[in-house]
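Inspection log for the structure reproduced underneath, given as structure tokens.
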Amino acid sequence: MSSSENHPTGNPQASTRPASGSAPGSPSAGQPRPTGAQAPGHAAGRTAGQPASPAGAQAKAGTPSSAPKTAAKSGKKTAKPKSPKGEWGVFRTVVVLVGLILAGFGAFYLITGTSGVPDTDIGNPSPTLESQFRFFSAMMVGVGAAFITIGVKFEWANMLWMVCLMVFIGGIGRVLSWAFSGTPHYMMIILMVIELAFPAALLVWHRYIAKTTEIRNEYAARG
């Protein structure tokens, strides 16, 4: 009998043997792959190549947007307007010194009366004149105290215009006295010039610092 008869070509044992290159536990080509479990290599590849979850993708997408916000905040902090504290400090110091000088003169005349004024007859002082003079000397102390308060607190800077106007009007009073009563002592002329010129100069200086501060703040806000 021939060998082809003993072992036919359609032997069922040959079809049921696993292929030489396939693993024992791997499913055959015709069987479906199980859905409940996955191969470790496949899971690792997905973890390495793809984001783990949509929440992680959103976190990564949200990270670059936080940087411009931080930069914008830091830009706002750096662009905060700054006032020239040095100029205001010098101005306030000058205002306080003016107040001290005025208060000092007023206290001196309040104590001495008309005898403290140069070129006066101290032998026979008029009681009426003494009363009026000492009253206005006390007013001079009040004006000086107002200058000092404005310079120290600087919350009532608008009142500086009123106080300077009072001093300027006092200088005008000296001019009227010179015109109607004759030339006074040279010390009174010096005080008249100071009382007419200094208040105006002080107000112009105040306006200049306020305007330059406003311009600097506008440029700082734009930058």
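The values are calculated or read from the model by the stated rules, or taken from the named source; none is laboratory data. If you're wondering where the values come from, they're calculated on a predicted model, not measured in any experiment. Virtual Cβ from ideal backbone geometry, glycine too; neighbours counted across all protein chains shown. With ligands, DNA and RNA removed, areas are computed over all heavy atoms of the protein, side chains included. Shrake-Rupley method; radii C 1.70, N 1.55, O 1.52, S 1.80 Å.
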Open item on the list: Just to verify a result, which residue in the range 118-139, among those that are open to solvent by less than 60 Å² (accessible area, probe 1.4 Å) and in a helix (DSSP H, G or I), is farthest from residue 183 (Cα to Cα)?
Closed with: 138
Task: Positions within the range 97-125 being touching a helix residue (DSSP H, G or I) at 6+ places or on another chain (Cβ under 8 Å) and of a type in the set (Ser, Thr, Tyr), in sequence order - done: 109, 114, 120
TODO: Just give me the residues in the range 158-214 being out of contact with any Ser or Thr (no Cβ under 6 Å at 6 or more places or on another chain) and hydroxyl-bearing (Ser, Thr, Tyr), in sequence order.
DONE: 177, 181, 183, 186, 208, 212
Open item on the list: Condition first: open to solvent by 80 Å² or more (accessible area, probe 1.4 Å) and under 32 Å from the mean Cα position of the chain (by Cα). Can you find one or more residues in the range 160-174 that meet it?
Closed with: yes
Task: Members of the range 85-114 found to be farther than 21 Å from residue 167 by Cβ, surrounded by fewer than 15 Cβ atoms within 10 Å (Cβ to Cβ) and among the small types (Gly, Ala, Ser), listed by number - done: 86, 89
Open item on the list: Out of 189, 209, 215, 148, I need the residue that is part of a helix (DSSP H, G or I) and either open to solvent by 50 Å² or more (accessible area, probe 1.4 Å) or at pLDDT 95 or above (or both). Which one?
Closed with: 215
- [ ] Collect the residues in the range 199-216 that are touching a residue at least 24 places away in the same chain (Cβ under 8 Å) and closer than 19 Å to residue 158 by Cβ, keeping them in residue-number order.
- [x] 199, 200, 202, 203, 205, 206, 209, 212, 213
